[in-house]
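**Q** Can you keep this structure in mind? I'll have questions shortly.
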Amino acid sequence: MSKKSESASPGMLPYGRQSIDETDIRAVTRVLEGDWLTTGPAVEAFERAFAEKVGAAHAIACSSGTAALHLALEALWLVEHDRVVVPAISFLATANAVRFLGGEVVFADVDAQTGLMTPAHAEAALKRADGHVRAMLPVHLAGQCADMAGLGALARRDGLKLVEDACHALGAFETSGETHAPVGACRHSDMAAFSFHPVKTITTGEGGMVTCQNGDAAERLGRMRNHGMSRDERAFQNAALAFEGETPNPWYYEMEEIGFNYRLSDIHAALGLSQLARLDGFVAKRRGLVAAYERELADLAPAIVPLGRAPGCEPAWHLFVALIDFDQVGASRAQVMRALGEKGIGAQVHYIPLYQQPYYRQRYGRQKLPGAEAYYARCLSLPLFTDMEEGDVARVAQALKEIVAGG
Ligand SMILES: Cc1ncc(COP(=O)(O)O)c(C=O)c1O
């Protein structure tokens, strides 16, 4: 029996939340009752199922989306001073992953209607960086895909690595030209990174995944998530310690380079596997809710419009972003958020342009990219989560109508 949603009642509607049912709870309980809690059979099963779901040869589970981005850049041998193009509109983690490795971030502008970095924006950032870029890190904002075919062509032209920040986009499909591929299949990229934070489409509490098609990269990702530790006898360097005669010693492992503890536990993975089985239902429900928002908000255009639709994509909506002309509405964003809050409706801003963060301002100076500024001036994420009902959408739309009417 699934846990019944109570969100259609006039309680607080958060902007996002997880959907946990009895099958999820049973899956986690089974692991707790077993012998293995840390990375073990449930992680392997989750990785296999995830790789199959997104059409990737390999999936490597890790402790967060941030860890996934860090591991992906590490596995591509990003090193100090390498520059990486990152869209200005994203969560802190996208740019921070570059800095973890001592790389430098080149912020690219985004489309003001979709918040996505297009190939033209990436190209402008590459020009600004004057040819010293190693990689690009597009973000599939809100669950729509960036133009990976276009970005892939740019990457091939300039010999750049390409990592997709797919933390918002599990369940989305790229549909450009002949392509109809799930995000994560890495048709045009080297790797894709996912997050399973509770507001994301599926959750493990905290968790992440990297997908790729390259076996060597997958092997390195697995090693680097666990201290850089290897039990591969073919690679052992210290033969005197490693072997007794021809036979490897049973306790023996080696560390040839330094890695991290970014392991996912079997407890988390069991929840992930159970949630993955519900993914198609989650995506369909979210699409229905977004369609309901589009109908309910139609009267408020042009003061309030939904995020622009990106071509070449079947989105898996993680967020419902409304673009609001606050001057036309006659209230600031803070006033609208507070008024919604008083009516029991949560909202959030995704995102403040990354270059505005004091850390990045100190490092790279003051910047203003026009698309990112225009997008940021208008964006407000309204409640969207699987256990919402269309009645909740109507309640949010009604609240916005009252706010616009000065109520
Ligand atoms: C676009 C984007 N990238 C990366 C991350 C980092 O994921 P996590 O919170 O799992 O570390 C997030 C999470 O909020 C995100 O939204």
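**Q** Select from the range 340-353 the residues that are part of a loop (DSSP other than H, G, I, E, B) and among the hydrophobic types (A, V, I, L, M, F, W, C) and write down the one among them that is surrounded by the fewest Cβ atoms within 10 Å (Cβ to Cβ). Before you say what the answer is, go through the steps one by one.
**A** Start the filter on the range 340-353 by keeping residues that are part of a loop (DSSP other than H, G, I, E, B), which leaves 343-344, 346-347, 349-353.
Narrowing further to those that are among the hydrophobic types (A, V, I, L, M, F, W, C): 347, 349, 352.
On the way: 347: 21, 349: 13, 352: 15.
Only one residue fits best here, namely 349.
**Q** I need the full set of residues from the range 217-231 which are of a type in the set (S, T, N, Q) and closer than 16 Å to residue 43 by Cα, in order please.
**A** Answer for the range 217-231, where residues must be of a type in the set (S, T, N, Q) and closer than 16 Å to residue 43 by Cα: just 226.
**Q** Taking the range 249-278 on its own, how many of its residues are farther than 21 Å from residue 31 by Cα and crowded, with 16+ Cβ neighbours inside 10 Å?
**A** Total meeting the criteria: 3.
Condition check ((1) free of Cβ contacts under 8 Å to residues at least 60 places away in the same chain; (2) part of a helix (DSSP H, G or I)) across all residues:
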| site | (1), (2) |
| --- | --- |
| 355 | no, yes |
| 360 | no, yes |
| 366 | yes, no |
| 373 | yes, yes |
| 380 | yes, no |
| 384 | no, no |
| 391 | no, yes |
| 396 | no, yes |
| 399 | no, yes |
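**Q** Here's a follow-up. Is it true that residue 292 is surrounded by fewer than 19 Cβ atoms within 10 Å (Cβ to Cβ) and part of a helix (DSSP H, G or I)? Reasoning before the result, please.
**A** On the way: surrounded by fewer than 19 Cβ atoms within 10 Å (Cβ to Cβ): no; part of a helix (DSSP H, G or I): yes.
No.
**Q** Which residue is nearest to the chain's Cα centre (by Cα), if the candidates are limited to the range 89-119 and must be assigned to a helix (DSSP H, G or I) and buried (at least 23 other Cβ atoms within 10 Å of the Cβ)?
**A** If we filter the range 89-119 for residues that are assigned to a helix (DSSP H, G or I), which is where we start, we get 92-100, 119.
Remaining after also requiring buried (at least 23 other Cβ atoms within 10 Å of the Cβ): 94-95, 97-98.
Values: 94: 9, 95: 13, 97: 13, 98: 15 Å.
Per the criteria, the residue is 94.
**Q** Show me the strands (runs of 3 or more DSSP E) found entirely inside the range 120-223 where at least 3 residues are within 16 Å of the ligand (Cβ to nearest atom). Give the derivation first.
**A** Details: elements: 133-136, 161-165, 191-195, 208-212.
Counting at least 3 such residues, we get 161-165, 191-195, 208-212.
**Q** Here's something else I'd like to know. Quick one: would you say residue 255 is touching a Phe, Trp or Tyr at 6+ places or on another chain (Cβ under 8 Å) and of a type in the set (A, V, I, L, M)? Give the steps one after another, and end with the answer.
**A** On the way: touching a Phe, Trp or Tyr at 6+ places or on another chain (Cβ under 8 Å): no; of a type in the set (A, V, I, L, M): yes.
When the stated conditions are applied, residue 255 does not pass them.
**Q** Take the range 317-363 and flag every residue that is closer than 25 Å to residue 394 by Cα and of a type in the set (D, E, K, R).
**A** 325, 327, 333, 338, 342, 343
**Q** Just need a number here: residues in the range 52-102 that are away from the ligand (no atom under 16 Å from the Cβ) and either under 19 Å from residue 367 (Cα atoms) or of a type in the set (Lys, Arg) (or both). Show your work before the answer.
**A** The first filter runs over the range 52-102 and keeps only residues away from the ligand (no atom under 16 Å from the Cβ), leaving 52-58, 75-83, 102.
If we keep only those that are either under 19 Å from residue 367 (Cα atoms) or of a type in the set (Lys, Arg) (or both) as well, we get 53, 83.
Selection size over the range 52-102: 2.
**Q** Follow-up. Looking only at the range 140-177, count how many residues are more than 22 Å from residue 203 (Cα to Cα), modelled with pLDDT of 95 or more and touching an Asp or Glu at 6+ places or on another chain (Cβ under 7 Å).
**A** 4
**Q** What's the total number of residues in the range 130-158 that are more than 20 Å from residue 180 (Cβ to Cβ) and buried (at least 16 other Cβ atoms within 10 Å of the Cβ)? Full working, then the answer.
**A** First pass over the range 130-158, keeping only residues more than 20 Å from residue 180 (Cβ to Cβ): 130-137, 139, 141-142, 154-158.
From what's left, buried (at least 16 other Cβ atoms within 10 Å of the Cβ): 133-137, 139, 141-142, 154-155.
Result for the range 130-158: 10.
**Q** Also: Within the bounds of the range 73-80, is there any residue that is of a type in the set (Val, Ile, Thr) and touching a residue at least 40 places away in the same chain (Cβ under 8 Å)?
**A** No, the range 73-80 contains no residue that is of a type in the set (Val, Ile, Thr) and touching a residue at least 40 places away in the same chain (Cβ under 8 Å).
The values are calculated or read from the model by the stated rules, or taken from the named source; none is laboratory data. Since this is a predicted model, take the numbers as computed values, not measurements. Every residue, glycine as well, gets a Cβ built from its backbone with ideal geometry; the counts of neighbours run over all protein chains shown.
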